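Undergrad: Can you keep this structure in mind? I'll have questions shortly.
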Amino acid sequence: MAVHRIAVIGGDGIGPEVIDQAIRATKAATEKHDKAKLEWNNLPWSTAYYKQHGRMLPEDGWDILRQHDAILFGAVGDPSVPDKVTVHELLLPMRRRFDQYVNLRPAYLFAGVPCPLVGKAPGQIDMLVYRENTEGEYAPVGGNLYAGTESEIAVQTGVFTRRGCERILRAAFEAARKRPRKTLTSITKSNAMVYGMGLWDDVFATVRSEYPDIRSNSLLVDAAAMDFVRKPEAFDVVVASNLFGDILTDLSAAVTGSIGLASSANINPTKKYPSMFEPVHGSAPDIAGKGIANPLAAVLSAGLMLTHLGLDASAAAVRHAVAVVLAEGKVKTPDLGGKATTTEMGDAVVAALGR
């Protein structure tokens, strides 16, 4: 029997609440379908840990994580501590240290989920967004001069490398090759960001020439944002830089009904380091502790983790169970127009897995 070691970081806000339900669903799926053994290692790293220890994780934290096959992550962030501590000492360094350069964010309109756009049928919106995850606009390069004076200067440098652009573009093209529509859109802004996005465009032109079977085009990010609302069904695989991918995927979550359904994977394709799987919604401190958060984004993220671990039958079962629960419409959390609790939604998914 295959054994997979999973590090669990519930983190802040609603993170622990939704991760608990994701683990329940994952256990139910693997026990029934793949007979794989998952060993869960719960790590208490969060804002509360920071307040107690003065750091987001222990000195040997990265070494601890490196010993696992995957990381299931809830959320990080709390109003009482600046994001430059919580996010920049745990989440973003994790992506860079473990070279999780593929940030995969699916967006799918499930049956039973109200779409804010008129006339969109279930399954009509179905896209995979590949976001570059380790450099670009989120590279920690820059600084401040003359802080606190009228002459204060802030410099934030976007870092684009040929290697970084090529590998995310190639990953996206490979994904498009496995999709029925075989269509890819590269997001750019080289008419304004002539150096960084100019390199992105140059690499895109080179890589696309190796994939003549894929219909590919380039689209400015402002036009893409408009079309994500105007005609999201036109998109299949989308590939974007760190910042553009981050913004557009929040929009894709909105047009498919709820950010409470938005899953993501932070993948190191070589498996040299563990990959990390997390819901997109963040810690949502305004509803933390109320038991009303939608856990399906975390459940679907765990499904992406199962795919990464090679447990395809379990992954398919998780996604199917979520689809069944949403289509039946009997259990809905408040973001979907209902009154169900986080646990009740988890119960419904586990019950669907058992049928």
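Taken together, the values in this text are just the output of simple stated rules run on the coordinates, not laboratory data. Because the structure is a prediction, the values reported are computed rather than measured. Methodologically, a virtual Cβ is constructed for each residue, glycine included, from the backbone with ideal geometry; neighbour enumeration extends over all protein chains shown.
Undergrad: What order do you get for E150, E278, E344 when you list them from fewest to most C-beta neighbours inside 10 Å?
TA: Details: E150 5, E278 31, E344 18.
Sorted ascending by nearby Cβ count, the order is E150, E344, E278.
Undergrad: Straight-line reach from K339: which lysines have a Cα under 17 Å away, not including same-chain ones fewer than 8 places off?
TA: By straight Cα distance, K339 reaches K290, K330.
Undergrad: How long, wide and thick is the chain, going by the Cα atoms along their three principal axes, in whole angstroms, largest first?
TA: Taking the Cα atoms of the chain, the three principal extents are 55, 51, 41 Å.
Undergrad: Same structure again: What's the exposure ranking of V81, V318, going from fewest to most Cβ atoms within 10 Å?
TA: V81, V318
Undergrad: Given the pairs K182/K272; K120/K182; K27/K178; K35/K182; K35/K271, which span a C-alpha to C-alpha distance of over 24 angstrom in this model?
TA: Values: K182/K272 29 Å; K120/K182 21 Å; K27/K178 28 Å; K35/K182 34 Å; K35/K271 22 Å.
From the list (K182/K272; K120/K182; K27/K178; K35/K182; K35/K271), the Cα-Cα distance tops 24 Å for K182/K272; K27/K178; K35/K182.
Undergrad: Right, here's the next one. Which percent, to the nearest 5, of DSSP beta bridges fully inside the chain are antiparallel?
TA: Of the beta bridges lying entirely in the chain, close to 45 percent run antiparallel.
Undergrad: Of all trypsin sites (Lys or Arg not before Pro) in segment 225-298, which ones are in loop regions per DSSP and have a Cβ with at most 13 other Cβ atoms within 10 Å?
TA: K271, K272, K290
Undergrad: To continue, here is another question. How much mean residue ellipticity at 222 nm does the chain get from its helices, if each DSSP H run of length 4 or more adds -39500 (n - 2.57) and you divide by all residues, to the nearest 500 deg cm²/dmol?
TA: Value at 222 nm, helices only, nearest 500: -12000 deg cm²/dmol.
Undergrad: Can you sort E39, E166, E89, E135 from fewest to most other Cβ atoms within 10 Å of each residue's own Cβ?
TA: Ordered by Cβ neighbours within 10 Å, fewest first: E39, E166, E89, E135.
Undergrad: By the gyration tensor of its Cα atoms, with a ≥ b ≥ c the square roots of the eigenvalues, what is the shape of segment 126-255: rounded for a/c under 1.5, prolate for a/b over b/c, or oblate?
TA: It comes out prolate by the Cα gyration axes.
Undergrad: Ok, one more. Say R0 is 30 Å: what FRET efficiency, to the nearest 0.05, do E152 and S80 get from their beta-carbon distance? Mind dumping the intermediate values first?
TA: Values: r = 26 Å, r/R0 = 0.85.
Efficiency at R0 = 30 Å is approximately 0.70.
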